[in-house]
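Structure first, then comments.
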Amino acid sequence: MISPQEALVYTMVAAAEADHDIADAEINLIGDLANHLPIFKGVDRAVMTEMATRCSDMLARAGGSDQVFGLIRQALSMPLRETAYALACDVIAVDSRLNRAEMRILEKIRAQLEVDPAMARAIEQVAEVRF
């Protein structure tokens, strides 16, 4: 089992890797969120990098996506699942473009984390307005 913080990092990494092209803006946003969100208080930056690397390695393996989302689901309560979805939306929105791979990963995250469709749409709209 992973910690809720690691689950949030995994969600952001999965979103960033959706199009197999992690933009600098996505990496910078993940770092900024980790530095400013209260849930990451006390989590060392090097530890966050290790979490992101573990996730990336899992995603690269056959069946890795299912494994990653299983770990995320186990680690997060429903309110934190909505937070995870919001973070994923932010990571995808930061570069001001949305491609098919990114749309598919958002659909997958929404389904895997069982985010209410109305809540998901509200989260998406907020991310769109911010970025």
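The values are calculated or read from the model by the stated rules, or taken from the named source; none is laboratory data. Because the structure is a prediction, the values reported are computed rather than measured. Quick reminder, even Gly has a Cβ in these numbers, built from the backbone with ideal geometry, and neighbours come from all protein chains shown. These accessible areas exclude ligands, DNA and RNA; they are computed on the full protein's heavy atoms, side chains included. Shrake-Rupley method; radii C 1.70, N 1.55, O 1.52, S 1.80 Å.
Can you tell me the dipole magnitude for the chain around its Cα centre, using point charges on the Cβ only (Lys, Arg +1; Asp, Glu -1), in Debye to the nearest 20?
280
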Worksheet item: Once phi is turned into ³J(HN,Hα) by the Karplus curve 6.51 cos²θ - 1.76 cosθ + 1.60 with θ = phi - 60°, what whole-Hz value does each residue of the range 90-102 show in order, with x for glycine and proline?
Response: 4, 4, 6, 6, 4, 9, 6, 9, 9, 9, 4, 4, 5
Discussion item. I'd like the accessible area for Val129: 1.4 Å probe, protein heavy atoms, all chains in place, Å² to the nearest 10.
Written reply: 130
Discussion item. Relative contact order for the chain: what percent, with Cα pairs under 8 Å and sequence separation of 6 or more?
Written reply: 37
Worksheet entry | Computed Kirkwood radius, in angstrom, where 1/r is averaged over Cα pairs of the chain | 14.4
Practice prompt. Would you mind checking the range 82-102 for residues with the amide N under 11 Å from a putative spin-label position 7 Å along Cα→C-beta of Met119?
Written response: 82-86
Practice prompt. Would you mind calculating the relative contact order of the range 1-75 from Cα pairs under 8 angstrom and at least 6 residues apart, reporting the percent as a whole number?
Written response: 53
Item to complete: Could you list which residues have their amide H under 5 Å from that of Val115, counting only those 5 or more apart in sequence or on another chain, with H placed in the peptide plane?
Response: none
Worksheet, complete the sentence: Whole-Hz Karplus couplings 3J(HN,Hα) for the range 66-82, θ = phi - 60° and coefficients 6.51, -1.76, 1.60, Gly and Pro as x, run 5, 5, 4, 6, x, 5, 4, 4, 5, 8, 10, 6, 4, x, 6, 5, 5
Item to complete: Could you order Ile123, Ile72 by accessible surface area, starting with the largest, using a probe radius of 1.4 Å?
Response: Ile123, Ile72
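Carbon and sulfur: what percent of the chain's accessible surface (1.4 Å probe)?
Working: 3730 of 6880 Å².
Roughly 54 percent of what the probe reaches on the chain is carbon or sulfur.
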Practice prompt. With a cut-off of at most 15 other beta carbons within 10 Å, and DSSP calling the residue loop, which trypsin sites (Lys or Arg not before Pro) in the range 60-131 qualify? Please list them.
Written response: Arg61, Arg97
Discussion item. Through the Karplus equation 6.51 cos²θ - 1.76 cosθ + 1.60, θ set to phi - 60°, convert the phi angles of the range 39-55 into ³J(HN,Hα) values in whole Hz; use x for Gly and Pro.
Written reply: 5, 9, 4, x, 8, 5, 4, 5, 5, 4, 5, 4, 4, 4, 5, 4, 5
